[in-house]
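Throughout, read-outs are computed from the coordinates displayed, never taken from laboratory work. Predicted model only: the values in this text are computed from it and were never measured. Cβ placement follows ideal geometry from the backbone for every residue including glycine, while neighbour counts extend to all protein chains displayed.
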C-alpha cells in the first residue's frame with residue numbers, strides 16, 4: 001500500500017489484515033489490474049477477521065479522480081456501508097450504493113481502495129444516502145475524515161486494485177446521468 005501511495009493518500013497506516021475481495025473469479029490482490037467490465041457489479045465475496053458482536057464499516061474509494069496527476073475530486077467514493085454485523089456486508093446499512101470503476105478515458109490507472117473499520121458501536125451517520133444512478137455528493141469524500149468523525153480509528157483490513165478506462169465506462173456514465 002505504501003508502494004502505490006495508498007499511504008498517505010487515503011489512510012495513515014497499513015491495516016493489519018488483508019481484506020479478501022472477489023468479483024466472481026476475479027480477486028483483488030494489492031494493486032493488481034482489473035477492468036471496469038470485471039468490477040461493474042458489487043463484489044461477490046468480501047471477507048475479513050471479525051470479533052463477536054462487533055459492527056463494521058466498509059468503504060471503496062478512488063483517490064485518483066479525475067486522474068492521478070490531477071486528483072481534484074480526491075476521494076470519489078464508490079461504496080459505503082455501515083453497521084455491518086461481522087462480515088455480512090449485505091446485512092449492513094448502505095449509505096452509498098455500489099458504483100463500479102469508471103476512470104475517464106486517457107487518465108491511466110486509478111487506484112480503488114477497500115477499507116474496513118471496526119465501529120465503537122452502532123452508527124447513526126448524518127451523511128446523505130446515495131443511490132447508484134447519480135455521481136452527486138461522491139467527490140471530495142475522505143474516508144479518513146469519516147473515520148475520525150465517527151471514532152473508527154485505523155482500518156482493520158484493506159486491499160486495492162487498479163483499473164483504467166475500457167468500453168464499459170460509457171455505459172456506467174449513462175447510468176450515472178439518470
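Residues of the range 118-156 being within 15 Å of residue 79 (Cβ to Cβ) and assigned to a strand (DSSP E or B), which ones? Once the filter is applied, which keeps residues that are within 15 Å of residue 79 (Cβ to Cβ) and assigned to a strand (DSSP E or B), the range 118-156 yields only 130.
The residue of the range 147-158 that is surrounded by the fewest Cβ atoms within 10 Å (Cβ to Cβ), among those that are at negative phi and in contact with a strand residue (DSSP E or B) (Cβ under 9 Å, 6 or more places away or on another chain), is 154.
Residues that are in contact with a strand residue (DSSP E or B) (Cβ under 8 Å, 6 or more places away or on another chain) and closer than 14 Å to residue 115 by Cα number at least 1 in the following strands (runs of 3 or more DSSP E) confined to the range 4-103: 20-23, 45-47, 55-62, 76-85.
Return yes when residue 123 is closer than 22 Å to residue 46 by Cβ and more than 13 Å from the chain's Cα centre (by Cα) and no when it is not. For residue 123, the condition - closer than 22 Å to residue 46 by Cβ and more than 13 Å from the chain's Cα centre (by Cα) - is met. Taking the listed residues 101, 87, the one that is within 22 Å of residue 171 (Cα to Cα) and buried (at least 16 other Cβ atoms within 10 Å of the Cβ) is 101, with no other qualifying.
Answer yes or no as to whether residue 113 is crowded, with 19+ Cβ neighbours inside 10 Å, touching a helix residue (DSSP H, G or I) at 6+ places or on another chain (Cβ under 8 Å), touching a residue at least 40 places away in the same chain (Cβ under 8 Å) and assigned to a loop (DSSP other than H, G, I, E, B). Considered against the rule, which asks whether it is crowded, with 19+ Cβ neighbours inside 10 Å, touching a helix residue (DSSP H, G or I) at 6+ places or on another chain (Cβ under 8 Å), touching a residue at least 40 places away in the same chain (Cβ under 8 Å) and assigned to a loop (DSSP other than H, G, I, E, B), residue 113 comes out as no. Among residues of the range 159-170 being touching a residue at least 60 places away in the same chain (Cβ under 8 Å) and farther than 30 Å from residue 13 by Cβ, the one that is surrounded by the fewest Cβ atoms within 10 Å (Cβ to Cβ) is 167.
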